[in-house]
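Here's the structure we're looking at; comments come further down.
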Amino acid sequence: MKLKNYMEDAIRNTLDELLEKDVKDACKCSRCRLDIIAHALNHMLPKYVVTDKGHTFTRVAEMQQQFATDILVALTRGIKKVSKNPRH
Ligand SMILES: [Zn+2]
């Protein structure tokens, strides 16, 4: 059994979709991606789940609307912040 922060998967998946569809001018290098994810995670409450697979896959469509909106806001702020001061 493993303890997993489900918020991290949700944020990673949402960032992938955002960078593909909506935010084409943001840097997509691994350093910037991780900085954006860290920023967003620091502004969201963690959601821990116990899983026996060590992995839970969560699509945005399966989430509650407010939850998805909060993630989008946190990621958008992270993208703006990292774009101003990229550390790559
Ligand atoms: Zn970068």
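Please find, within region 32-60, the residue that is modelled with the lowest pLDDT out of those that are among the hydrophobic types (A, V, I, L, M, F, W, C), under 14 Å from D9 (Cα atoms) and assigned to a helix (DSSP H, G or I). Step by step, filter region 32-60, then rank; the result is V60.
From the list K24, K2, the lone residue that is away from the ligand (no atom under 16 Å from the Cβ), modelled with pLDDT under 90, farther than 16 Å from T69 by Cα and exposed (fewer than 12 other Cβ atoms within 10 Å of the Cβ) is K2. Search region 20-39 for residues that are without any contact (Cβ under 8 Å) to a residue 12 or more places away in the chain and pair each with any residue that is within 14 Å of the ligand (Cβ to nearest atom) when their beta-carbon atoms are under 7 Å apart and the residues are at least 6 apart or on different chains. As it stands, the answer is K28/L19, since those pairs meet every condition given.
Condition first: at pLDDT 95 or above, of a type in the set (G, A, S) and away from the ligand (no atom under 16 Å from the Cβ). Now tell me which residues in region 61-88 satisfy that. Within region 61-88, just A74 meets the criteria.
The values are calculated or read from the model by the stated rules, or taken from the named source; none is laboratory data. Everything numeric here is computed off the predicted structure, so don't read it as measured data. Using ideal geometry, Cβ is built from the backbone for each residue, glycine included, and neighbour counts are taken over all protein chains shown.
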